[in-house]
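Below: the structure, in structure tokens.
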Amino acid sequence: MKPFGYHRATSPADAVEMLTKNQHAAYLAGGTNLVDHMKLGVAEPDLLVDVSHLDLSETVLTGDGGVRIGANVRNSDLAADPVIRSHYPMLARALLSGASGQLRNAATTAGNLLQRTRCVYFQDVTTPCNKRVPGSGCSALGGYVRYHAILGASPHCVAVHPSDMAVAMCALDALVVVQTRDGERRIPVEDFHRLPGDQPERDTALEHGDLITAVELPAPPAGAVSDYRKVRDRASYAFALVSVAAELTFTSTFQIGSARIALGGVAHKPWRARRAERLLVGDQPSDETFAAAADAELKQAEPLPGNEFKVELARRTLIAQLRMLTERRRP
């Protein structure tokens, strides 16, 4: 056990100040990811700044019809919130798809966004990993890659982001509200997580000391139908091989009026399917249309030896999800 200090933050500004002064400090909220990493030796902070008692635990309606979710709102509470269930069903379904009930009771909104990859090599300190020790190499290349990336990877890292909630929030155009030393800023979830490039150790656009205080969701489009679909090796307590968060609206002539889609389990970050969205809008919903959109998005896929199946799995899952949403809307 490595000794570490503890500080219970009294305000967001106090938390930011404490972390900024110590480059080896970390925020502690639910602890469902950080504590695991401390046990494994993946994370060795000198100081834990406890933000779990800050007044960031409410989900409130905003003046424009959207929702502001406090950073400390527990995953189980968010999934059960009546407004989330009725207006953002894909988010509720994504939350209920993640982890166990016990973990959802502890995990927070901000912590879910910030959780790190479950790559087996990242979590094994006896193996080289560029995300854990920059420049040491990527053990997944040539290794076990069933769960690894088919989109947006680099020679330095092929790990995927594990969150279900973040995929839904990416599709919903959510904004992450961040307290910094210089004030408050908002980051779209689509831009919040990073592709690995040559700095796989950096998961997000945050700077050291930045504190997530809330996530804001815009009002859903009128008549939208949405849902989250997760494909995994077993029915529960498993990370996604592929997941799809999708929302469609339809015109009076039953064309696709708008489309918002994000894929999980396929990249270092929730993957916004912009190519697929552009092809869908204005077209008639059909299996042919859905297949063309899926093929356009996955044309850039670069699977590894051992996870080639994920390309076809992602294609079929996306088509099935779009078909299901269309059937829900069909008069």
Practice task
Restrict the check to the stretch 155-167 and report whether at least one residue is open to solvent by less than 10 Å² (accessible area, probe 1.4 Å) and more than 27 Å from E207 (Cβ to Cβ).
Solution key: no
Exercise for the section: Among what's in the stretch 71-117 and is assigned to a loop (DSSP other than H, G, I, E, B) and either over 15 Å from the mean Cα position of the chain (by Cα) or free of Cβ contacts under 8 Å to residues at least 40 places away in the same chain (or both), pick the residue that is surrounded by the fewest Cβ atoms within 10 Å (Cβ to Cβ). Expected result: S100
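Would you point out which residue out of L248, L175, L211 is over 21 Å from A301 (Cβ atoms) and open to solvent by 20 Å² or more (accessible area, probe 1.4 Å)? Working first, answer last.
Numbers: L248 fails: open to solvent by 20 Å² or more (accessible area, probe 1.4 Å); L211 fails: open to solvent by 20 Å² or more (accessible area, probe 1.4 Å).
Exactly one of L248, L175, L211 is over 21 Å from A301 (Cβ atoms) and open to solvent by 20 Å² or more (accessible area, probe 1.4 Å), namely L175.
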Completion exercise
Note on A238: of the conditions (1) in contact (Cβ under 8 Å) with a residue 12 or more places away in the chain; (2) open to solvent by less than 30 Å² (accessible area, probe 1.4 Å), unmet is (1)
Problem - One residue from V120, V133 being among the hydrophobic types (A, V, I, L, M, F, W, C), exposed (fewer than 14 other Cβ atoms within 10 Å of the Cβ) and not in a strand (DSSP E or B) - result: V133
Practice task
Mind checking which strands (runs of 3 or more DSSP E) fall wholly inside the stretch 1-70 and carry at least 1 residues that are free of Cβ contacts under 8 Å to residues at least 40 places away in the same chain and open to solvent by less than 30 Å² (accessible area, probe 1.4 Å)?
Solution key: 25-28
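The values are calculated or read from the model by the stated rules, or taken from the named source; none is laboratory data. Only a predicted model underlies this, so the values are computations on that prediction, with no experimental measurement involved. Glycine also receives a Cβ, built like all others from the backbone with ideal geometry; neighbour counts cover every protein chain displayed. These area figures cover heavy atoms from the full protein model, side chains too; ligands, DNA and RNA do not enter into them. Shrake-Rupley method; radii C 1.70, N 1.55, O 1.52, S 1.80 Å.
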